[in-house]
Amino acid sequence: MNSMKRVIPLLDRILVRRAEQIATSKGGIMIPEKSQAKAQEALVIAVGPGARNSNGNHVPVAIKEGDKVLLPQFGGTKLEIDDTDNKEYILLRESEILAKIV
């Protein structure tokens, strides 16, 4: 997790870690990697201070670190952070996130 300390999102950008893909069905059948859909759930790792309004003040972001969010199927910027866990990290704007999961 030390390498994550080096990535600090700016403005209204949010760094998320995509949830792992489901490799088996509810019935226990193994799903081939090519047939697996990308998980749309993600965990928020870091949040920027927020976009600036016309007065130059930061407008706070509605998402906090540790929140679970719903991502669009496509979008964001994938980051390759040399981490040993081989997780997929994505940097997106707050407006690209579809929903907060509670």
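Taking the residues in region 38-53 that are in a loop (DSSP other than H, G, I, E, B) and among the small types (G, A, S) as candidates, determine which candidate is modelled with the highest pLDDT. Quick ask: steps written out before the conclusion?
Step one: filter region 38-53 for residues in a loop (DSSP other than H, G, I, E, B), giving 38-40, 48-50, 53.
Now drop any that are not among the small types (G, A, S), which leaves 39, 48, 50.
Working: A39: 67, G48: 90, G50: 87.
Checked region 38-53; the qualifying residue modelled with the highest pLDDT is G48.
Among the residues of region 49-102, which ones are touching a His at 6+ places or on another chain (Cβ under 8 Å) and surrounded by fewer than 12 Cβ atoms within 10 Å (Cβ to Cβ)?
To start, the set of residues in region 49-102 that are touching a His at 6+ places or on another chain (Cβ under 8 Å) comprises 49-52.
Hits for region 49-102: nothing passes.
The values are calculated or read from the model by the stated rules, or taken from the named source; none is laboratory data. In this text the structure is predicted, and so the values were computed from the model without any measurement. Using ideal geometry, Cβ is built from the backbone for each residue, glycine included, and neighbour counts are taken over all protein chains shown.
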